[in-house]
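**Q** My structure is below; once you've seen it, I'll send some questions.
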Amino acid sequence: MTAVTTAETASAPADKAARAGGFAAFRLLALAAVVLIGAAFFFPTWWVSLKAPNYPEHTFPDGIRIHFHVDGVQNGCVLQKSKEVEEKEGLDCVHEMDTINHFVGMYPIASGGPVEKTFSPFLFGFLCLLALGFAIPGNRTRVVVMGTGFAAVAVWMGVTLYMPGGVKYQSGSYIRSMVASLGQAEETKEDESMHPIVRQLKESLAKSGIVDETPAVKPGVAGSRSELIAVLKGAFEKDQANRLADRQEWTGTGMQLFAWHYDRSLNRWFMEPEKNNRLIAIMTSVANILFASVLAAMLAFLWMARDDRKGWFWFVGLVPMILPVAFLAEYSAWLWWYGHSLNAMGAFTLKPFMPTVLGQGKVAQFTTYSYPHIGFGLMVAAGLAMALALILRRNALIAAGK
C-alpha cells in the first residue's frame, strides 16, 4: 500500500508537468498561426498563367501570368533580358490578360471579389486577434487584449471606409492593384466613348490653351501611397467630368473608391448600365452588411472568449483554422462567376464554363495554369498550426480531468 502511494505521489509532478507542457505547446502553436496569417496577407496567394503560340516562350517564359493577393491582383510578368529579348519596360500582364479575356466576353479581373479585397486587411486583423486570443491564458487578460484589438480594427475599418480621405489607410497592395487594373486607356478610345458635348468642351479648352493636368493612368505605376491615390483621384475626377448627370465630388472614402472602381471595371469593356448598376448596388449593400457583420462578430467572439471552460470557446480557435478553405471556396466561386457571366458583346462566343481552379486546363487556343503561391502555403501552415493547437489543448484538458 505504501509503495503504491509513493509511486502515485512521484508521478503527480510528472503528470502536472506534462499537462503544463501541453498547454504551453498549444499556445505557442496559436502564436505561430498569428504570425503565419499576418505574413500570408503580404504574399501572393495564387497564380494564374495563360500560354499560347503567339506568346513565345523565350519572350514569355511564364506565359501571361498574374498573381492573386487577398487585397488585389498584381503583375506576374517580369522584365526579360536575354540575347533574344531586350525589354525596356516589362509587360503589364494584368492588362494583357484582361484584353485576352474580353474577346470571349469575360469581365475584367478587377470585377471579381471587390468586397473581399476591400475588407481583407480588417478580416485578417480579425483572424489574427482570434488566434492570439486562443493563445492568451487568463480570461480577464484575454478579454482585455482582444477587446482592445477589436476596437482598434473597428476604428481603422470605419475611418478607412467611411471617413473623407480614409482610403489612405488601405493597404499599399490594394491601392497599387486599383491603379494597375485601370489599364491602358487609349485617348482614341476615350474620345470615341465621350459624350459629344463633353468632347466639344474639351476641344474648346484645348484651343484656349487650358491643359488637362489630370495624372495619367498607366499600367504598373510605381510610387508612394499619396502619388498612387493622386492617380486614382485624377482618374475619378476625369470620369466624373465626362458625366452629364449624377456627378460626385472626390471624398476619398474607401467606400467611394470601392463603388467607383467596381463601376469602372464592369463598364470597361461592356457598357450595360442597367445590368452593371444592379451589380454595383448589390455589392455596395454586401459591403455595408459585411461592415456591420464584422462588428457583430467581434462582440460575439469577445463574449465567447470570456470563459475558456465553455464549449463555445473552441470557435475562437476554429475560425482562423479554416482560412485556407475559405479562400479556396471564394476563389472557386468567383472563377465560376467569370465563366458563367460571359457577355454577348465579346468578339467570340463561348459556352459557359468553369475555369481551372487547380492545375492545367484549356480555353480556345490558350493553355491555362492555376496553382497556389506562397501566401496560400502560409494559410495552410496557419490552419495546421491552429488544428494542432486545438488538439493539444483538448488532450491537455482531458489529462487534467476537465
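The values are calculated or read from the model by the stated rules, or taken from the named source; none is laboratory data. Quantities reported herein were computed from a predicted structural model and do not represent experimental measurements. So basically every Cβ, Gly included, is an ideal-geometry build from the backbone, and we count neighbours across all protein chains shown.
**Q** In this structure, is residue 325 surrounded by 15 or more Cβ atoms within 10 Å (Cβ to Cβ) and under 28 Å from residue 377 (Cβ atoms)?
**A** Answer is no for this residue.
**Q** Identify all residues within the stretch 100-139 that are part of a helix (DSSP H, G or I), under 18 Å from residue 263 (Cα atoms) and of a type outside the set (S, T, N, Q); write none if there are none.
**A** 102, 109, 110, 114, 115, 116, 117, 119
**Q** Step by step: first the residues of the stretch 215-231, then only those that are surrounded by 16 or more Cβ atoms within 10 Å (Cβ to Cβ) and farther than 23 Å from residue 77 by Cβ, then the one that is modelled with the highest pLDDT. Which residue is that?
**A** Top of the filtered list is 229.
**Q** Taking the stretch 303-346 only, how many residues are assigned to a helix (DSSP H, G or I) and within 24 Å of residue 117 (Cα to Cα)?
**A** Total satisfying the criteria: 23.
**Q** Let me ask something else. Please indicate, with yes or no, whether at least one residue in the stretch 291-309 is of a type in the set (Phe, Trp, Tyr), under 16 Å from residue 181 (Cα atoms) and surrounded by 14 or more Cβ atoms within 10 Å (Cβ to Cβ).
**A** The answer is no; no qualifying residue exists.
**Q** Considering the stretch 51-75 alone, what residues qualify as being of a type in the set (A, V, I, L, M) and either touching a Lys or Arg at 6+ places or on another chain (Cβ under 8 Å) or closer than 16 Å to residue 382 by Cβ (or both)?
**A** Correct list: 64, 70.
**Q** A further question on this structure: Which pairs turn up if I take residues in the stretch 219-232 that are farther than 19 Å from residue 260 by Cβ and of a type outside the set (A, V, I, L, M) and look for partners that are assigned to a loop (DSSP other than H, G, I, E, B) and modelled with pLDDT of 90 or more with beta carbon separation below 8 Å, at least 6 apart in sequence or on another chain?
**A** none
**Q** To continue, here is another question. Taking the condition of being among the small types (Gly, Ala, Ser) and part of a helix (DSSP H, G or I), how many residues in the stretch 23-76 meet it?
**A** Count: 8.
**Q** Evaluate the following for residue 357: is it within 21 Å of residue 44 (Cβ to Cβ), modelled with pLDDT of 90 or more and assigned to a loop (DSSP other than H, G, I, E, B)?
**A** So residue 357 fits the description; yes.
**Q** Let me ask something else about it. If the requirement is being assigned to a loop (DSSP other than H, G, I, E, B) and modelled with pLDDT under 90, which of these qualifies: 198, 211?
**A** On inspection, the qualifying residue turns out to be 211.
**Q** Just give me the residues in the stretch 369-402 being among the polar types (S, T, N, Q) and either loosely packed, with under 15 Cβ neighbours inside 10 Å or more than 18 Å from residue 328 (Cα to Cα) (or both), in sequence order.
**A** 395
**Q** Now, a different point. Which of the residues that make up the stretch 51-101 are modelled with pLDDT of 80 or more and among the small types (Gly, Ala, Ser)?
**A** Result: 52, 63, 72, 76.
**Q** Just name the residue that is nearest to residue 32 (Cα to Cα) out of those in the stretch 94-144 that are of a type in the set (Ser, Thr, Tyr) and buried (at least 24 other Cβ atoms within 10 Å of the Cβ).
**A** The qualifying residue nearest to residue 32 (Cα to Cα) is 118.
**Q** Say whether the condition of being of a type in the set (Val, Ile, Thr), in contact with a Gly (Cβ under 7 Å, 6 or more places away or on another chain), surrounded by fewer than 20 Cβ atoms within 10 Å (Cβ to Cβ) and outside any helix (DSSP H, G or I) is met by at least one residue in the stretch 156-163.
**A** Within the stretch 156-163, none of the residues are of a type in the set (Val, Ile, Thr), in contact with a Gly (Cβ under 7 Å, 6 or more places away or on another chain), surrounded by fewer than 20 Cβ atoms within 10 Å (Cβ to Cβ) and outside any helix (DSSP H, G or I).
**Q** If residue 276 meets every condition in (1) farther than 27 Å from residue 372 by Cα; (2) in contact (Cβ under 8 Å) with a residue 24 or more places away in the chain; (3) in a helix (DSSP H, G or I); (4) among the polar types (S, T, N, Q) apart from one, which number is that one?
**A** Exception for residue 276: condition (2).
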